[in-house]
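A short write-up of the structure that comes next.
The values are calculated or read from the model by the stated rules, or taken from the named source; none is laboratory data. Bear in mind the structure is a predicted one, so any value in this text is a computation, not a measurement. With ideal geometry, Cβ positions are generated from the backbone for all residues, glycine too; neighbour counts draw on all protein chains shown.
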Amino acid sequence: MSLRPLSLLLLLLSSCAAVAADDTAAVLSRAKAASGGAAWDAVATLAGQGEMKAAGLSGTTETREDLRDGRSVARYSLGLFKGANGYDGKQAWSQDPGGEVALQDAPEARQRARTAAWLSQRAYWFPARGAAVLAAPAAREDGGRSYQVIRAEPAGGEPVELWFARDSGLLERTVTGLTAQDRVVTTLGDWREAEGLRLPFHVVVDSGVESANRVEIRYASLTAGATVDPAEYAPPQTTGGAHITDAGGITRIPFRLVRDHIHIQAEVDGKPVKMLVDTGGVNILLPAAVQRLGLKSEGQLSARGVGEQSAQVALGRAGLLRLGGVVFEKPLFYIIDFGRIPDVEGEDFDGVIGYELFQRFGVTIDYAAREMILATREKFTAPAGATAVPFTLAERIPLVEGRIDGKPARISVDTGSGGALDLHSPFVAKHGLKQHYAPRFEQISGWGVGGPMRSWPVRLGELELGGFALPAVAATLYTGDKGAFASPTVDANLGGRVLGRFTVAFDYAAKIMYLAPNASYAEPFRSDRSGLMLLRDGSALKAFEVLAEGPAAAAGLKSGDRITAIGGEPVAARSLSDWRDLLARGEPGSRVAIGYERAGKPATATLVLRELLPPVPKR
């Protein structure tokens, strides 16, 4: 799951340029004259203070830009939602409301930061500050207004559109983002005179897709100044109380593996909670858990996961979170309704433990022993015989380099995924993978924030990662255009079905993941052989989807049937995760008796398991 950070603030108070064609130069020259002319030549920094609205909350913000080198910083305080973000001249950073600080070093994060810096530099008037390729102005109409729009590509940055109003000549809008779901529109208005400059005192940053993440600022003051100490823009230290109570600086936490998800026991304010562990997530509580724990919520954000819809998010703070010997003081939780995910999981849980844990401690996940080992940075050691795999961070998600059937791929590492490998739609389209692997059907292959995800199951030839080569991986091809798996900046998502073959350790301080094969390493990758997607339905299971022409459909089962027995056993005798394993591990040709109810009437059927994935294609 990903939450759009308020790093959108870095696009404030910006213009664009670098002189190209004469008409482009004329538009930019007019913009400079309209907003202060030669007065800009002596401006080194620009600082602002004002009121901010975001996430359904109101509060204050302070911003500063260095026009000479593009460094910037923005700090905000919105009730529970307090944080900061900036650019120190080399990389972007963000400080989450929980106090965690992340250095954003993934290539796309560097591109965004470079473009934001180029805008802060006003490099359109001062081309020596930053090179860019500019297109000729294009005429646009929007909202009854006429604009001249220049598309700029700053060196090392992402493209940005600059919308100059025909009537005033001022830059009233910038647009960034490679895809519709990443599109960010910054609108500049309420232009006023300040110290010989004409500046926008009203700024709105809107993602468009998730309007709950809209940021609005009304400045009370904007002040031009001299160059300041570079430390002003440096990332701060992580704040917030979190420590390991065990004297040795190491604590061990047993876990259960459910659908290849890590389930642990924890406590919030002394009350027991069941939590999933997710490298791709943040600390989350479900609404029912918030109510049971007696916590208050405030604000409203939007979250996006593998599903095609966004989900509403609120914020809440507890007094204490305890995981084994780890204690978080006054932890902040995002509050999200996970919809039917507990029914997909087959059991209830209360929330997620995510980035906040991984950022603060060394984390080792021993899948074979079903144990998670947490250590202070001083006490952390890599698993014996492990291979080091460097990663970068995209927001909060670790990204590693690998190869999928010989094709280089950027892969996100996600303990919150119960799959093996999900290939993103841009990567699938770029390499013609649907044609290459020739999948036989599309089905629901995952369920996350935003609902179900439909993909094409296939079997890869080989996944290469950190020097390891895993053959015949059961993977999925996503071909949709919505949700996290439609992102063009990541090629695939690696889940628990692969990670579970290793002892995996994460050192976020050094940005290294360690992999040490365990006894499951060489086991074949199995996939469902029934064509039957099951959800929890009270004391029984529900056939949520029956694959057309699959074994379950051939046996006469239909979507909506209530499954009461499998193989002669009542479904209550095993967990949903166990039943799924049974239907994946059964030998092709095996006959499985199914007891079910349809319209309240009991019936039986016999399905014959068979391999549903196409064979590995020749390379």
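Filtering Glu108, Glu161 for residues that are under 25 Å from Arg396 (Cα atoms), surrounded by fewer than 22 Cβ atoms within 10 Å (Cβ to Cβ) and of a type outside the set (Ser, Thr, Tyr) leaves a single hit, Glu108. Here Tyr596 passes the criteria (1) in contact (Cβ under 8 Å) with a residue 60 or more places away in the chain; (2) at negative phi; (3) not β-branched (Val, Ile, Thr) except the one numbered (1). Within the stretch 498-552, the set of residues being over 17 Å from Met372 (Cα atoms) and of a type in the set (Lys, Arg) comprises Lys511, Arg526, Arg529, Arg536, Lys542. Please count how many residues of the stretch 595-616 are hydroxyl-bearing (Ser, Thr, Tyr) and out of contact with any Gly (no Cβ under 8 Å at 6 or more places or on another chain). Total satisfying the criteria: 2. Got at least one residue in the stretch 67-79 being farther than 29 Å from Thr392 by Cβ and either surrounded by fewer than 19 Cβ atoms within 10 Å (Cβ to Cβ) or free of Cβ contacts under 8 Å to residues at least 40 places away in the same chain (or both)? Yes, because at least one residue in the stretch 67-79 is farther than 29 Å from Thr392 by Cβ and either surrounded by fewer than 19 Cβ atoms within 10 Å (Cβ to Cβ) or free of Cβ contacts under 8 Å to residues at least 40 places away in the same chain (or both).
Considering only the stretch 514-532, I want to know if a residue exists there that is in contact with a helix residue (DSSP H, G or I) (Cβ under 6 Å, 6 or more places away or on another chain), assigned to a strand (DSSP E or B) and among the aliphatic types (A, V, I, L, M). Among the residues of the stretch 514-532, at least one is in contact with a helix residue (DSSP H, G or I) (Cβ under 6 Å, 6 or more places away or on another chain), assigned to a strand (DSSP E or B) and among the aliphatic types (A, V, I, L, M), which makes the answer yes.
All of Gly156, Gly86, Gly98 fail the test of being part of a loop (DSSP other than H, G, I, E, B), surrounded by 22 or more Cβ atoms within 10 Å (Cβ to Cβ), touching a residue at least 24 places away in the same chain (Cβ under 8 Å) and in contact with a helix residue (DSSP H, G or I) (Cβ under 7 Å, 6 or more places away or on another chain), apart from Gly98. Among the residues making up the stretch 31-66, those that are crowded, with 18+ Cβ neighbours inside 10 Å and either outside the structural domain of Arg122 (by TED's automatic domain parsing) or charged (D, E, K, R) (or both) are Lys32, Arg64, Glu65, Asp66. Checking Arg580, Arg591, Arg574, Arg598 one by one, the residue that is outside the structural domain of Phe361 (by TED's automatic domain parsing), among the basic types (Lys, Arg) and within 29 Å of the chain's Cα centre (by Cα) is Arg580 and no other. Looking only at residues in the stretch 489-509 that are of a type in the set (A, V, I, L, M, F, W, C) and modelled with pLDDT under 95, which one is farthest from the chain's Cα centre (by Cα)? That would be Ala509. The set of residues in the stretch 561-578 that are of a type in the set (A, V, I, L, M, F, W, C) and either more than 23 Å from Ile341 (Cβ to Cβ) or crowded, with 18+ Cβ neighbours inside 10 Å (or both) comprises Ile563, Ala565, Ile566, Val571, Ala573, Leu576. Whenever a residue of the stretch 313-332 is under 21 Å from Met372 (Cα atoms), its partners that are polar (S, T, N, Q) and outside any loop (DSSP other than H, G, I, E, B), lying with C-beta atoms within less than 9 angstrom and at least six residues away or across chains, give the pairs Leu323/Thr251; Leu323/Gln265; Gly324/Thr251; Gly324/Gln265; Gly325/Thr251; Val326/Thr251. Considering the stretch 579-619, and only residues there that are surrounded by fewer than 13 Cβ atoms within 10 Å (Cβ to Cβ) and among the basic types (Lys, Arg), the residue that is nearest to Ser445 (Cα to Cα) turns out to be Arg585.
Of everything in the stretch 116-134 that is part of a helix (DSSP H, G or I) and in contact with a Cys (Cβ under 9 Å, 6 or more places away or on another chain), the residue that is farthest from Arg410 (Cα to Cα) is Leu119.
Within the stretch 171-180, is there a residue that is in the same structural domain as Ser120 (by TED's automatic domain parsing), buried (at least 17 other Cβ atoms within 10 Å of the Cβ) and not in a strand (DSSP E or B)? Scanning the stretch 171-180, I find at least one residue that is in the same structural domain as Ser120 (by TED's automatic domain parsing), buried (at least 17 other Cβ atoms within 10 Å of the Cβ) and not in a strand (DSSP E or B), so the answer is yes.
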